[in-house]
Each structure stands twice: as C-alpha cells, then as structure tokens.
C-alpha cells in the first residue's frame, strides 16, 4: 500500500474510526493530555493546529477551556458536516483545511503555529511521506505534541514496524522521541498510557 492509497482510505472512511464515530465518543483522556500540555507551555492566545482533526472533538475541548485561535487539517471532507452538528461554534470560528497533511503543510510559513498536535494521526503517515515530520518542526514555533501508538511487539502483520487497523489501514510504529529530536527539537515531557505515548517537544 502506497501513500496515496493510505490517504484515500482515510478520506473515504465511514463507520468505525470515521468522523461520526469520534464525534459520538467526544473528548477523552487524550484530549485532556493535550490540554494539560498546552496549559503548561503556551498561552491561551496561542495559534494551535491539530493534524487529522476529524470532527473536532479535541479542538472543541481546547475551545471550551479558553483556546480560540484553532485550526485543523482533515482529509475526510465529511468530518466538517459532522463538526457543524456536533461542535457548531468550533466549525464557525476555526480555520480548517480539507486535504491531506502532505498537501498542506509545505504552504505554511516558518513558525506559523505556536503549537501543533496529533492524536493517533502521525502513526498513519506512510514511510514515503516521512518528510512531513521535518515540515512540522519548521512550522511550529513553540510546542509539538504527539499522542501516538509506539507499540509493535504484537503486530499482526509480522512486521514489527507496522500493524493494520481492521486489516486495511496501516499503522506505522515509530520512536517519536528519535523522530523529533533528530529534527533538532528537545523532548520536554513523556508519558506512556495503555495504548498511546504522549510526548511533547520544543525547539532547542
């Protein structure tokens, strides 16, 4: 499966792991982890970008706690119809890009955002598109938060670096500490959970 096919799978996703699915469950402990880190490292007027924002449950949680300059990238256009129903204030006030991360991030200026975060999204970036991570370091002025699955010992694919969501969508395991410190960032926080590891990075 190449990077174009991965993007197509998410753009057309319905049912489980779709925008409707995530809106139904609403904010969760990952939303709270992102909020806690933003509280610690940036101000309420920070420019915040979520990668793979889906219908906006994490961004809505930030908005409910005083963050107002919010943006998101989402490849599945249906997400924004769901957002208008589930989080209408966020839909009205936020800035959103209906596209793949790879097709948007190069257009941003250096330091365009104070904080950029991902919740179980970067783990789906195909190895052919790993250049994206350097772009994220470039466009982030103050804080990168990665909430991602770093496992791999129980991969059903037989490959310790990839697993599949319901046998069709690949999940690529990476050492996010190494990824972002190799790009010149410094890890300032890390916490492992049952499934995900939450890591925060800042410029050196």
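The values are calculated or read from the model by the stated rules, or taken from the named source; none is laboratory data. Owing to the predicted nature of the structure, the values given are computational and were not obtained by experimental measurement. Methodologically, a virtual Cβ is constructed for each residue, glycine included, from the backbone with ideal geometry; neighbour enumeration extends over all protein chains shown.
Observations on the structure shown:
- The one condition in (1) without any contact (Cβ under 8 Å) to a residue 40 or more places away in the chain; (2) closer than 27 Å to residue 185 by Cα; (3) surrounded by 18 or more Cβ atoms within 10 Å (Cβ to Cβ); (4) out of contact with any helix residue (DSSP H, G or I) (no Cβ under 6 Å at 6 or more places or on another chain) that residue 54 fails to fulfil: (4)
- Residue in the range 112-119 that is outside any strand (DSSP E or B), more than 19 Å from residue 39 (Cβ to Cβ) and either touching a strand residue (DSSP E or B) at 6+ places or on another chain (Cβ under 9 Å) or modelled with pLDDT under 95 (or both) present: yes
- Residue check, residue 17 more than 21 Å from residue 97 (Cα to Cα), surrounded by fewer than 19 Cβ atoms within 10 Å (Cβ to Cβ), out of contact with any strand residue (DSSP E or B) (no Cβ under 6 Å at 6 or more places or on another chain) and at pLDDT below 95: no
- Residues that are surrounded by fewer than 18 Cβ atoms within 10 Å (Cβ to Cβ) and modelled with pLDDT of 95 or more, drawn from the range 20-40: 32, 36, 39, 40
- Count of the range 136-193 residues, restricted to those that are part of a strand (DSSP E or B) and either at pLDDT 80 or above or at positive phi (or both), is 23.
- Screening 78, 107 for residues that are more than 21 Å from residue 189 (Cβ to Cβ) and modelled with pLDDT of 90 or more leaves exactly one candidate, 107.
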